[in-house]
Amino acid sequence: MIHDLAEKLFIDGDWRRGEGERIPVENPATGEVLGHIAAATPAEIDAAVAAARKAFRIWSRLAPAERAKALRRLGDAITTEADAMARTMTQEQGKPLNEARGEILKLAEACHFYAEEAVRIHGEIVPNTTTDIDSLVVREPIGVVGAITPWNYPAELIGWKLCGALAAGCTIVIKPAELTPFTALAIARMAEKAKIPAGVVNVLTGPGAKVGQALVEHPGVDKIAFTGSSAVGLRIQQSCPTIKRLSLELGGNCPLIVTASADLDAAVKGAVRRSFRNMGQICIAINRIYVARPIAAEFVKRLCEAADKLVIANGIDKPDADVGAMASAEPLAKTKEHLADALAKGAKLVAGGGAPRGEAFARGHFFRPTVVSDCTHAMKVMTEETFGPLVGVMAFDGLDEAIELANDTPYGLASYVYAKDMDEIRYLSGRLDYGNVAVNNVDAGIMNAPYGGRKQSGVGYEHGREGMLEYLNFKHVRIRYDEPKGR
Ligand code: ADP
């Protein structure tokens, strides 16, 4: 699949051989070059936006049921090709094959979910002060969407934007991360296979600072839907030269609170999954854990045992491994930096702490799931997003202290609680200043409920009905009627 997609751009339904600079894409588990992408040139960017504008005129006026059918076809095509697409993802991103396959199937689920939502774009009739007037509130698609996406979930993070936008009647130009372009191009291939009309879906590859920024600045793009770092999100907001709708899903620094009433086994299971899945490269990863003091030592012991048991492997060789390679040298370096900072400031290393040994790991970006205890908020592991397989633990004495520590961050994406006492659950969930609070589970995002951050974690929502509303404008049509003559 990668071989076919290398150096290609998908513009106006055509596979073009890109004219720009070639950029290598590596397999992070082996260091091998998988292929090259072409950085889209200004002319190619203009062509993609022009194609999306042209297609918008037709796509936005299609009956919603037709858009729903197209999305269903897209979901079906993706399901059929799930194995090949997963392989592409694992090769460029590093996550184990089974996990990549699961992500592809969730992309298909997004297509099917928004196929159903497409036919439910309802309006409202609003009462006026006199009875001769009707106020209709109708919803209309915004226009051309520029979707800029990161490498940690190369399919799903495109899918939520693509499916919400297409269901609403928008068209889209996708700029995937430089590390994971082939999954995005594979999605374009599925759009082609599903006979989505030319120009509705376009994919441009290349560096964010050039190609992504060009979409942000392009007068033909009506909305930017971005997932990535807070720094780049802020830059996008500040550098928009014209008014554009923005949705920004940015960094997190997500806490887990484990109270004395918690089911300890469940809490450990949840903590290990959400701290280390995808090597911690998740914006809703648990970065920091606050445990009630009486159970803290036992919790840490069990967490370390569970972390040590996780199987690390090249995700192609061992599809059911728990974790694979990290996506690149950069998040690995940050993980090491946060670990060194914590240890220098008095944290105890209680699990992991280095690369796994063996020839299989010699050339990839591997690191063992790592736990540090006795942490404080002087340490980066507790106050900055690590985006790697490292979690810090500290004990707390009262719920108010736990809440204060959990909210002591500029971020507000997701938070987690393990507790059995209903009063504690209510008290904590009401006071955690986060867009998502998961209690006694660690799956903060599900397809049919809104998912989004607050504070420096961003604006706007994905998933659910709300995820489609992000691609719609309201229009108020106010009509005054006369009594029919001669009635
Ligand atoms: P991450 O490293 O978590 O993927 P980034 O914010 O660096 O986060 O990248 C997310 C996406 O934003 C990528 O597709 C990247 O190419 C793109 N990007 C980076 N810089 C810019 C920029 N200045 N303008 C627009 N997009 C950008």
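Out of curiosity, is Ser261 more than 21 Å from Leu349 (Cβ to Cβ), within 16 Å of the ligand (Cβ to nearest atom) and polar (S, T, N, Q)? Before you say what the answer is, go through the steps one by one.
On the way: more than 21 Å from Leu349 (Cβ to Cβ): yes; within 16 Å of the ligand (Cβ to nearest atom): no; polar (S, T, N, Q): yes.
Judged against the criteria, Ser261 is not a match.
Restricting the stretch 195-214 to residues that are within 8 Å of the ligand (Cβ to nearest atom) and either among the polar types (S, T, N, Q) or within 16 Å of Leu157 (Cβ to Cβ) (or both), which is surrounded by the most Cβ atoms within 10 Å (Cβ to Cβ)? Once the filter is applied, the top-ranked residue is Gly212. When Glu192 is tested against (1) away from the ligand (no atom under 16 Å from the Cβ); (2) part of a loop (DSSP other than H, G, I, E, B); (3) surrounded by fewer than 24 Cβ atoms within 10 Å (Cβ to Cβ), only condition (2) is not met.
Evaluating Thr90 against the criteria (1) within 28 Å of Ala52 (Cα to Cα); (2) more than 16 Å from the ligand (Cβ to nearest atom); (3) touching a Gly at 6+ places or on another chain (Cβ under 9 Å) leaves one unmet condition, (1). Would you mind stating whether Ala6 is over 18 Å from Gly159 (Cβ atoms), out of contact with any Pro (no Cβ under 9 Å at 6 or more places or on another chain) and of a type in the set (A, V, I, L, M, F, W, C)? Yes.
Residue-wise test of (1) assigned to a loop (DSSP other than H, G, I, E, B); (2) without any contact (Cβ under 8 Å) to a residue 12 or more places away in the chain; (3) among the charged types (D, E, K, R); (4) closer than 28 Å to Pro24 by Cα.
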| site | (1), (2), (3), (4) |
| --- | --- |
| Ile196 | yes, no, no, no |
| Ala209 | no, yes, no, yes |
| Pro219 | yes, no, no, no |
| Phe226 | no, no, no, yes |
| Pro241 | yes, no, no, no |
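Scanning the stretch 113-140 for residues that are of a type in the set (D, E, K, R) and closer than 22 Å to Arg57 by Cβ, we see that the one that is surrounded by the fewest Cβ atoms within 10 Å (Cβ to Cβ) is Glu140.
Taking every residue in the stretch 280-296 that is surrounded by fewer than 24 Cβ atoms within 10 Å (Cβ to Cβ) and in a helix (DSSP H, G or I) and pairing it with any residue that is charged (D, E, K, R) and at pLDDT 95 or above, at least 6 positions away or on another chain, the pairs with Cβ-Cβ distances below 7 Å are Arg293/Asp397. Exactly one residue out of Ala100, Ala165, Ala155, Ala110 is within 16 Å of the ligand (Cβ to nearest atom) and surrounded by 24 or more Cβ atoms within 10 Å (Cβ to Cβ): that is Ala155. I'd like to verify a number: residues in the stretch 168-181 that are in contact with a Leu (Cβ under 7 Å, 6 or more places away or on another chain), away from the ligand (no atom under 16 Å from the Cβ) and assigned to a strand (DSSP E or B), how many? The qualifying residues number 0. Output the residues belonging to the stretch 367-408 that are more than 22 Å from the chain's Cα centre (by Cα), of a type in the set (Phe, Trp, Tyr) and closer than 30 Å to Trp151 by Cβ. Within the stretch 367-408, just Phe367 meets the criteria. For Leu185, the conditions (1) part of a helix (DSSP H, G or I); (2) within 14 Å of the ligand (Cβ to nearest atom); (3) within 27 Å of Phe276 (Cβ to Cβ) are fulfilled apart from (3).
Scan the stretch 216-224 and give yes if some residue there is over 22 Å from the mean Cα position of the chain (by Cα), surrounded by fewer than 23 Cβ atoms within 10 Å (Cβ to Cβ) and either closer than 20 Å to Glu103 by Cβ or near the ligand (Cβ under 10 Å from one of its atoms) (or both), otherwise no. Lay out the reasoning, then the answer.
Looking only at the stretch 216-224, we keep the residues that are over 22 Å from the mean Cα position of the chain (by Cα), and these are 217-220.
Then keep just the ones that are surrounded by fewer than 23 Cβ atoms within 10 Å (Cβ to Cβ); that gives 217-220.
Pick out the ones that are also either closer than 20 Å to Glu103 by Cβ or near the ligand (Cβ under 10 Å from one of its atoms) (or both) and you get 217.
The answer is yes, given that some residue of the stretch 216-224 is over 22 Å from the mean Cα position of the chain (by Cα), surrounded by fewer than 23 Cβ atoms within 10 Å (Cβ to Cβ) and either closer than 20 Å to Glu103 by Cβ or near the ligand (Cβ under 10 Å from one of its atoms) (or both).
For the stretch 8-30, the count of residues that are closer than 29 Å to Ala167 by Cα, in contact with a Cys (Cβ under 7 Å, 6 or more places away or on another chain) and in contact (Cβ under 8 Å) with a residue 40 or more places away in the chain is zero. In the condition set (1) farther than 30 Å from Glu424 by Cβ; (2) away from the ligand (no atom under 16 Å from the Cβ); (3) among the hydrophobic types (A, V, I, L, M, F, W, C), Val232 is compliant with all but (2). If you check Val459, Val437 for being within 23 Å of the chain's Cα centre (by Cα), more than 21 Å from Val258 (Cβ to Cβ) and modelled with pLDDT of 95 or more, only one passes: Val459.
With respect to Val391, is the statement that it is closer than 30 Å to Val323 by Cα, without any contact (Cβ under 8 Å) to a residue 24 or more places away in the chain and not in a loop (DSSP other than H, G, I, E, B) true? No, not satisfied. Residues in the stretch 359-378 that are over 16 Å from Asp308 (Cα atoms) and without any contact (Cβ under 8 Å) to a residue 40 or more places away in the chain: Glu359, Ala362, Asp374, Thr376, His377, Ala378. Give the stretch 326-351 a look and list any residue that's within 16 Å of the ligand (Cβ to nearest atom), surrounded by 15 or more Cβ atoms within 10 Å (Cβ to Cβ) and not charged (D, E, K, R), or say none. Residues satisfying the conditions are Met326, Ala327, Ser328, Pro331, Leu332, Thr335, His338.
Could you say whether any residue in the stretch 406-415 is hydroxyl-bearing (Ser, Thr, Tyr), closer than 19 Å to Phe276 by Cα and surrounded by fewer than 23 Cβ atoms within 10 Å (Cβ to Cβ)? Among the residues of the stretch 406-415, not one is hydroxyl-bearing (Ser, Thr, Tyr), closer than 19 Å to Phe276 by Cα and surrounded by fewer than 23 Cβ atoms within 10 Å (Cβ to Cβ), which makes the answer no.
Taking Gly143 as the residue in question, decide whether it is under 28 Å from Lys475 (Cβ atoms), more than 10 Å from the ligand (Cβ to nearest atom), modelled with pLDDT of 95 or more and crowded, with 24+ Cβ neighbours inside 10 Å.
Numbers: under 28 Å from Lys475 (Cβ atoms): yes; more than 10 Å from the ligand (Cβ to nearest atom): yes; modelled with pLDDT of 95 or more: yes; crowded, with 24+ Cβ neighbours inside 10 Å: no.
Answer is no for this residue.
Can you tell me how many residues within the stretch 112-163 are on the phi < 0 side of the Ramachandran plot and in a loop (DSSP other than H, G, I, E, B)? Before the answer, list the steps.
Restricting attention to the stretch 112-163, the residues satisfying the condition of being on the phi < 0 side of the Ramachandran plot are 112-142, 144-163.
Still in the list and also in a loop (DSSP other than H, G, I, E, B): 119-123, 127-132, 142, 149-155.
So the count comes out to 19.
The values are calculated or read from the model by the stated rules, or taken from the named source; none is laboratory data. Remember, predicted model here, so these are calculated numbers, not experimental data. A quick note on method: Cβ atoms are made from the backbone with ideal geometry, for glycine too, and the neighbour counts reach across all protein chains shown.
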